[in-house]
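The next block holds one structure in the form of structure tokens; read it before the comments.
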Amino acid sequence: MNILLVCATGMSTSLLVSKMEKSAKEQDKDYNIWAVSGRDLSSDIDKADAVLLGPQARYMLADVKKTGEKKNIPVDMINPQHYGMANGPEVLKTAEALVLGDNHG
């Protein structure tokens, strides 16, 4: 699974990416997880199975969802509490639920 995180600058999600990668590895899941800034999203979205936006990129949600719908790529926000605490396992669950179509996960 390819999980793309989007934030305003592409920097603040790096700790969360590391925590998500650690959680995936502990579960023997071979996931590709990376972060980009909003301005770099267009060059990376086609590689993603799911796109999650950081709270500071909330203003982009409507546009990114439209793009995702056209490309059949689910898009959602990262829970602000999970983001703030860099809760990799929970954000990983969110991405998996998006891809599996279970938005209640």
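Nothing in this text is a laboratory measurement; each read-out follows from the coordinates by a stated rule. Keep in mind the model is a prediction, meaning the values are calculated, not measured. Don't worry about glycine lacking a Cβ; one is built from the backbone with ideal geometry, like all the others, and counts go over all protein chains shown.
So, in the range 82-99, exactly how many residues are within 18 Å of K25 (Cα to Cα), in contact with a strand residue (DSSP E or B) (Cβ under 8 Å, 6 or more places away or on another chain) and hydrophobic (A, V, I, L, M, F, W, C)?
3
Would the range 54-68 turn up any residue that is surrounded by 14 or more Cβ atoms within 10 Å (Cβ to Cβ) and not in a helix (DSSP H, G or I)?
We begin by selecting, within the range 54-68, every residue surrounded by 14 or more Cβ atoms within 10 Å (Cβ to Cβ); these are 54-57, 60-61, 64-65, 67-68.
Now drop any that are not not in a helix (DSSP H, G or I), which leaves 54.
Checking the range 54-68: at least one residue is surrounded by 14 or more Cβ atoms within 10 Å (Cβ to Cβ) and not in a helix (DSSP H, G or I).
Can you say whether M60 is touching a residue at least 60 places away in the same chain (Cβ under 8 Å), out of contact with any Ser or Thr (no Cβ under 6 Å at 6 or more places or on another chain) and of a type in the set (A, V, I, L, M), as far as the supplied structure shows? Steps first, answer last, please.
On the way: touching a residue at least 60 places away in the same chain (Cβ under 8 Å): no; out of contact with any Ser or Thr (no Cβ under 6 Å at 6 or more places or on another chain): yes; of a type in the set (A, V, I, L, M): yes.
For M60, the condition - touching a residue at least 60 places away in the same chain (Cβ under 8 Å), out of contact with any Ser or Thr (no Cβ under 6 Å at 6 or more places or on another chain) and of a type in the set (A, V, I, L, M) - is not met.
Being within 18 Å of A97 (Cβ to Cβ), in a helix (DSSP H, G or I) and touching a strand residue (DSSP E or B) at 6+ places or on another chain (Cβ under 8 Å) is the requirement here; does V6 meet it? Talk me through it step by step, then tell me what you get.
Working: within 18 Å of A97 (Cβ to Cβ): yes; in a helix (DSSP H, G or I): no; touching a strand residue (DSSP E or B) at 6+ places or on another chain (Cβ under 8 Å): yes.
For V6, the condition - within 18 Å of A97 (Cβ to Cβ), in a helix (DSSP H, G or I) and touching a strand residue (DSSP E or B) at 6+ places or on another chain (Cβ under 8 Å) - is not met.
Which one of these does V6 not meet: (1) farther than 14 Å from T94 by Cα; (2) free of Cβ contacts under 8 Å to residues at least 40 places away in the same chain; (3) not charged (D, E, K, R)?
Condition not satisfied by V6: (2).
Quick one: count up the residues across the range 50-66 that are under 19 Å from G101 (Cα atoms) and either in contact with a helix residue (DSSP H, G or I) (Cβ under 9 Å, 6 or more places away or on another chain) or not aliphatic (A, V, I, L, M) (or both).
Here the count works out to 7.
Filter the range 69-87 for residues that are surrounded by fewer than 17 Cβ atoms within 10 Å (Cβ to Cβ), without any contact (Cβ under 8 Å) to a residue 24 or more places away in the chain and within 13 Å of the chain's Cα centre (by Cα) and give the result.
Scanning the range 69-87 gives a single hit, N79.
Can you name the residue in the range 39-53 that is in a helix (DSSP H, G or I) and touching a strand residue (DSSP E or B) at 6+ places or on another chain (Cβ under 6 Å) and is also surrounded by the most Cβ atoms within 10 Å (Cβ to Cβ) among such residues? Before you say what the answer is, go through the steps one by one.
Kept after step one, since they are in a helix (DSSP H, G or I), are these residues of the range 39-53: 39-47.
So of that shortlist, the ones also touching a strand residue (DSSP E or B) at 6+ places or on another chain (Cβ under 6 Å) come out as 41, 44, 47.
Details: L41: 20, D44: 16, K47: 11.
It comes out as L41.
Within the set of pairs 6+ apart or on separate chains, which have a first residue in the range 23-41 that is closer than 10 Å to I3 by Cβ, a second that is among the polar types (S, T, N, Q) and part of a helix (DSSP H, G or I), and C-beta atoms under 8 Å apart?
Hits for this filter: A35/S14.
Does the range 1-31 hold any residues that are basic (K, R) and either under 23 Å from Y59 (Cβ atoms) or surrounded by fewer than 18 Cβ atoms within 10 Å (Cβ to Cβ) (or both), and which are they? Reasoning before the result, please.
Taking the range 1-31 as the starting set, the residues that turn out to be basic (K, R) are 19, 22, 25, 29.
K22, K25, K29 - these are the residues of the range 1-31 that are basic (K, R) and either under 23 Å from Y59 (Cβ atoms) or surrounded by fewer than 18 Cβ atoms within 10 Å (Cβ to Cβ) (or both).
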